[in-house]
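Asks: Starting off with a structure, shown below.
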Amino acid sequence: MSSSSPPRSPSPSSFFDNELRLSLTEQQFGIRSFTLLPTPTSLTAKASVILLDGTQLYVALTSRGYVVCSCHAASMMRGLTYAQVERGLERKSSPIFETLEALLGSVSDLYEQKRTELLWTKLQNI
C-alpha cells in the first residue's frame, strides 16, 4: 500500500508572485503593461506598472496589502507632487490598499475612467 503525501502548499514567494500577476492581469483594461520584478524576500512581490498616461510606478504586494513603492511622474497621486509622494514613501507612510483596483484608482484618473466605462458596458449588456 503506497501512501501519498498531502499536496504541498505554494511557497510564500510563489503565492505573492502569483497573486500580483493575477491581480495585474485582471486590471489590464486600465494599464498599458506590467512586468514582475525579482524581490529579495519571499514575502513580497513587486512589479513595474505602466499606467495609461505613460506614468511608471512600482507596486509591491506584501502580507499587509498593496503599496506604491516608487513612482516616476511629476504628479502621481491626486493632489500630490512627485516630491511629496517620494517623501511619503521614504517615511513609509505610503497608503496600503486591500486591493490592486483600489490602489490603481487612487493614483490614476484614466484607470478610474476606464473602470467606470467597463462597468457601464457590462451593466448595459444585462
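The values are calculated or read from the model by the stated rules, or taken from the named source; none is laboratory data. This one's a predicted model, so the numbers in the text were calculated from it and none came from an experiment. Counting neighbours? That spans all protein chains shown, and the Cβs are built from the backbone with ideal geometry, glycine included. The area values use the complete protein model at the heavy-atom level, side chains included, leaving out ligands, DNA and RNA. Shrake-Rupley method; radii C 1.70, N 1.55, O 1.52, S 1.80 Å.
Asks: In region 93-116, how many residues are of a type in the set (A, V, I, L, M) and free of Cβ contacts under 8 Å to residues at least 60 places away in the same chain?
Replies: Number satisfying all stated conditions: 4.
Asks: Let me ask another. Restricting the search to region 1-38, which residues are among the hydroxyl-bearing types (Ser, Thr, Tyr), modelled with pLDDT under 85 and surrounded by 12 or more Cβ atoms within 10 Å (Cβ to Cβ)?
Replies: Applying the first criterion (among the hydroxyl-bearing types (Ser, Thr, Tyr)) to region 1-38 yields 2-5, 9, 11, 13-14, 23, 25, 33, 35.
From what is left, the residues that are modelled with pLDDT under 85 are 2-5, 9, 11, 13-14.
Residues satisfying the conditions are Ser13, Ser14.
Asks: If you go through region 85-104 one residue at a time, do you hit one that is among the aliphatic types (A, V, I, L, M), at pLDDT 90 or above and open to solvent by 50 Å² or more (accessible area, probe 1.4 Å)?
Replies: yes
Asks: Being within 15 Å of the chain's Cα centre (by Cα), at pLDDT 80 or above and open to solvent by 90 Å² or more (accessible area, probe 1.4 Å): is that true of Glu112 here? I'd like the intermediate steps shown before the answer.
Replies: Details: within 15 Å of the chain's Cα centre (by Cα): yes; at pLDDT 80 or above: yes; open to solvent by 90 Å² or more (accessible area, probe 1.4 Å): no.
The answer is no for Glu112.
Asks: Also, I was wondering about something else. Residue by residue through region 41-60, note down the ones that are among the hydrophobic types (A, V, I, L, M, F, W, C), farther than 20 Å from Glu112 by Cα and open to solvent by 10 Å² or more (accessible area, probe 1.4 Å).
Replies: Leu43
Asks: Right, something else. List the number of the failed condition for Ala45; all other conditions in (1) at pLDDT below 80; (2) of a type outside the set (Lys, Arg); (3) in contact with a strand residue (DSSP E or B) (Cβ under 6 Å, 6 or more places away or on another chain) hold.
Replies: (1)
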